[in-house]
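**Student:** This is the structure I want to talk about, given as structure tokens.
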Amino acid sequence: IHSNVILFDLAGLGILVETYVEALNSGKRPCVESAVERLAHKENSAAVNQALEYYTREMSRSPVTEVLSIHNTEHFKKAVQIFLRHSMKDEQYTYLSKLMVALGDKYKALHHAVESKSEERCTSVLEELQSGLKEKLDSAHYIRAGGYEEFTADLEDIVRQYNIQVEGEVQAKKVLDRFFFDMKAYAKEIKKVDTIVQAKETEMSGKKQKMKLSLGNITTGINNFNPGPAICPHTEFLYN
């Protein structure tokens, strides 16, 4: 701390001397207030940068859950403390306000970066898992009786594996919801075709059953048919 004070005093003294020399060279009367203001500007700007660098460094090292949590104010408070310790005559809170804005922007940037990387990872996992499903869709594999049941079973298997592989990812639900939205149209069409085909198959099965019963009745009738003894027209009188 002592060395920092010495460096601060030397830097401040240098700025004061520089300001006085410039004033003398320009023929103006040296003003202590302007020199102090110039020194304050330099020190406060440096304090803002130092606090922001600390916040960026520590937040980048933090776990994802801490970066995304709005309740994680530890590094924020520490950054403000760093600024206050190194700032000078910020009586109107001009530089403190700049720091607040900078910290807010940095938080948003870090938050966005975490979400973007998570979304990329989740999307990559899901694309690999659904490759087989896409092949079946492209080949119209599900457009048949029973196709909807198989389609939903394949979806459930993809979701099960996906949830295992992306556990803990902050964008897992967002990516999965987008996948479900894309599959919704396919599911509707497959179910429609499945229902029509099954209805036709049921209808055909009913007709086949009726035909089978009719043929069975005809066969039974033929088998039970007894025309009686054959009568020769020349011996008909024997039966009269």
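The values are calculated or read from the model by the stated rules, or taken from the named source; none is laboratory data. This is a predicted model, so every value here is computed, not measured. Please note: Cβ atoms are built from the backbone with ideal geometry, for glycine as well, and neighbour counts cover all protein chains shown. Quick note on the areas: whole protein, heavy atoms, side chains included, nothing else; ligands and nucleic acids left out. Shrake-Rupley method; radii C 1.70, N 1.55, O 1.52, S 1.80 Å.
**Student:** Being modelled with pLDDT of 95 or more, surrounded by fewer than 17 Cβ atoms within 10 Å (Cβ to Cβ) and of a type in the set (Val, Ile, Thr): is that true of residue 164 here?
**Tutor:** Answer is yes for this residue.
**Student:** In region 71-87, what residues are over 16 Å from residue 102 (Cα atoms) and either touching a Lys or Arg at 6+ places or on another chain (Cβ under 7 Å) or modelled with pLDDT under 85 (or both)?
**Tutor:** 71, 72
**Student:** Check residue 66 against each of (1) charged (D, E, K, R); (2) surrounded by fewer than 18 Cβ atoms within 10 Å (Cβ to Cβ); (3) more than 30 Å from residue 169 (Cα to Cα) and name the one condition it does not meet.
**Tutor:** (3)
**Student:** Yes or no: region 114-126 includes at least one residue that is open to solvent by 60 Å² or more (accessible area, probe 1.4 Å), under 30 Å from residue 41 (Cβ atoms), assigned to a helix (DSSP H, G or I) and acidic (Asp, Glu).
**Tutor:** No, there is no match, as no residue in region 114-126 is open to solvent by 60 Å² or more (accessible area, probe 1.4 Å), under 30 Å from residue 41 (Cβ atoms), assigned to a helix (DSSP H, G or I) and acidic (Asp, Glu).
**Student:** Are there any pairs, at least 6 apart or on different chains, whose C-beta atoms fall under 6 Å, with the first in region 128-151 and under 11 Å from residue 195 (Cα atoms) and the second of a type in the set (Asp, Glu), and if so, which?
**Tutor:** Listed by first residue and then by second, the contacts come to 145/201; 147/194; 148/194.
**Student:** Something else now. Out of all the residues in region 127-154, which are among the aliphatic types (A, V, I, L, M), part of a helix (DSSP H, G or I) and in contact with an Asp or Glu (Cβ under 7 Å, 6 or more places away or on another chain)?
**Tutor:** Residue satisfying the conditions is 133 alone.
**Student:** Residues that are closer than 24 Å to residue 111 by Cβ and at pLDDT 90 or above: does region 27-49 have at least one?
**Tutor:** Step one: of region 27-49, the residues closer than 24 Å to residue 111 by Cβ are 48-49.
Still in the running and at pLDDT 90 or above: 48-49.
Within region 27-49, one or more residues are closer than 24 Å to residue 111 by Cβ and at pLDDT 90 or above.
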